[in-house]
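Below: the structure, in structure tokens.
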Amino acid sequence: MIDACICTIGDEILIGQVVDTNSSRLALALEEAGIHVNRMLSIGDDATQIEETLRTELSRNTLVITTGGLGPTKDDITKAVLARVSGSEGYVTHPGQLEMVHRILRSRGLDVLPNNLAQAQVPDKAEVIVNQLGTAPIMVFRNLAGDATLYALPGVPHEAVGAIPAIVADIRAHQPLESILHRNIMVYGIAESALSQKIAPWEDALPRDMHLAYLPNTLTGIRLRLSVYGGDPEQNSARMEEQLGLLKPLLGSLLYAEEDSTLEKAVGTLLKEHGKTLSVAESCTGGVIAHLITSVPGSSAYFLGSVTSYAISVKESVLGVPARVIAENGVVSSPVAAAMAEGVRSLTGSDFAVSTTGLAGPAGDEHNPVGTVWIGVSGPLGTRTFTYCYKNDRKRNIERFAASALNVLREYLLEALLGR
């Protein structure tokens with residue numbers, strides 16, 4: 001198995017001013033290609049630190065990939081370090097990247113300055129993959145520290161991500177790669193610790209070369225990832241299917257997808273396959289549920305619309321929630337959640353509806369602690385309500401409220417449409 005290290009360069013990452021998304025995108029692509037990423041590092045704009053880190057990682061790994069530090073300004077010092085690390089004796093101008101510099105700047109109506117032209121100059125030991133999206137070249141240095149290869153990418157995210165196909169193709173052309181297989185299944189409605197206990201006998205009986213990872217997420221639940229490194233891909237795929245066939249009955253309705261997916265996609269699939277429609281009434285979630293549903297391509301086939309009834313007056317005047325129900329039960333209550341779901345269903349004429357009313361924070365009320373949500377779901381099986389209480393910050397509570405509403409809806413749809 002080929003090992004790789006990804007290094008991001010720039011003070012802006014270390015001080016938290018910029019979030020490093022390049023490393024995650026690179027790691028995903030390398031893993032799919034059969035390359036094991038064993039380290040991710042962030043380095044500041046310090047030439048000595050960059051050089052020491054690169055020399056160390058080149059001695060440890062077959063591949064080292066850097067992003068950042070290749071721009072036209074004085075704080076972009078990576079190229080000079082790469083020249084020293086590679087043993088280059090000088091710089092040469094790469095004609096393909098020089099042409100790209102002129103083309104990009106002309107297209108933007110900008111003057112071509114000397115520091116722009118300098119970006120097309122590379123250490124003489126570098127091979128160049130022309131950056132089609134920016135002025136800084138993609139550089140490749142081979143046979144460093146023996147047999148290691150270093151790829152230097154620009155730090156601008158769309159340029160770094162755009163370079164990935166060319167990088168992976170170059171690696172495949174020069175390295176023998178083994179297979180890596182992953183299978184993902186999505187679970188919602190159970191804590192990670194409880195899930196681990198529930199499937200412990202199955203997990204303990206896994207073949208020694210199969211690895212299970214638990215990957216929790218507020219909006220999507222728990223992704224279980226089964227992995228096999230190396231070996232024959234077809235045989236491993238068949239073995240993984242056999243193991244997953246043993247796992248799925250243990251999960252029952254907790255399992256909502258056999259791929260890396262989302263609750264909103266699972267809900268949409270059920271609605272679309274049965275030609276049914278949905279509407280949403282939100283209070284505490286403030287439109288998050290509608291946003292998630294409409295983020296799925298093709299959602300216009302089943303999603304009719306939503307009402308974000310944040311104010312009590314909108315609950316009463318638009319959704320038709322009786323003032324008496326609110327006065328007697330409080331706005332965060334089962335009767336109000338039920339009336340909201342029924343109201344938006346009647347208003348839009350949808351087959352199904354889901355609603356939320358709750359207290360995301362920072363405070364609760366005289367009846368409910370902070371983190372309380374009531375969810376209503378209405379459809380041909382009648383109207384049902386459910387309550388949950390989460391002990392998180394406001395943002396996390398809203399995400400959990402929305403995910404719980406989608407899951408309640410999903411389970412209602414399974415019963416109404418499939419009889420489960």
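Table for the structure above
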item	result
On Cα atoms only, tilt of 22-33 relative to the major axis of the chain in degrees	90
Theoretical gain in end-to-end length, Thr73 to Ala327 [0.36 nm per residue, Cα-Cα removed]	85.1 nm
Computed FRET value (nearest 0.05) for Val92 with Ser261, which takes r as the C-beta separation and R₀ as 51 Å	0.60
Nearest-ten-degree value, helix 263-273 long axis tilted from longest Cα axis of the chain	70
FRET efficiency, 1/(1 + (r/R0)^6) with R0 56 Å, evaluated for His174 and Leu418 via beta carbons	0.65
Convex hull of the range 288-365 built on C-alpha atoms - directionally averaged projected area, nm²	5.5
Per-pair calculated FRET efficiency, R0 = 35 Å: Arg25 and His102 via Cβ, rounded to 0.05	0.75
Additional length obtainable on full extension of the chain from Ala238 to Val112, 0.36 nm per residue less Cα span	39.7 nm
Cβ-defined net charge surrounding Ser306, 12 Å radius [Lys, Arg +1; Asp, Glu -1]	0
Alpha-carbon gyration tensor eigenvalues x 5, square-rooted, for the range 376-420, Å	25, 10, 7
Peptides 74-81, 351-358, 372-379 ordered by average Cβ neighbours within 10 Å, highest first	351-358, 372-379, 74-81
Descending principal axes extents, the chain, alpha-carbon based, whole Å	83, 56, 40
For the chain, share of DSSP beta bridges that run antiparallel, in % to the nearest 5	60
Centre separation in Å (Cα based) which lies between the range 210-224 and the range 2-27	23
Inter-site label distance for Ser253 and Ser300 at 7 Å from Cα along Cβ, in nm	3.3
Kirkwood Rh in Å, taken over all unlike Cα pairs in the range 289-420	15.1
Distance (nanometres) between label positions extended 7 Å along Cα→Cβ at Asn184 and Arg225	0.8
Protection-proxy order for peptides 198-204, 21-27, 177-183, each taking the mean of Cβ atoms within 10 Å per residue, highest first	21-27, 177-183, 198-204
Full-stretch length increase - Gln132, Ser193 - with 0.36 nm per residue and alpha-carbon distance subtracted	17.3 nm
The chain: angle of helix 95-107 to the longest principal axis, Cα-based, in degrees nearest 10	50
Geometric extent, Cα atoms of the range 1-150 - Rg, Dmax (angstrom)	15.5, 47
MRE, 222 nm, helices only [DSSP H, n ≥ 4, -39500 (n - 2.57), over the chain, to nearest 500]	-13000 deg cm²/dmol
Residues in the range 71-107 that a label on Gln17 would reach, taking backbone N under 17 Å of a point 7 Å out along Cα→Cβ	71-78
Cα centroid separation - the range 252-299 against the range 303-381, whole Å	19
Peptides 262-272, 107-117 ordered by average Cβ neighbours within 10 Å, highest first	262-272, 107-117
Relative contact order, percent, the chain [alpha-carbon distance under 8 Å, six or more residues apart]	11
Around Thr62: net Lys/Arg minus Asp/Glu count, Cβ-Cβ under 14 Å	-1
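A short reminder: the numbers here are calculations on the coordinates, not readings from a lab. Being a predicted model, the structure only gives us computed values, none of them experimental. Every residue, glycine as well, gets a Cβ built from its backbone with ideal geometry; the counts of neighbours run over all protein chains shown.
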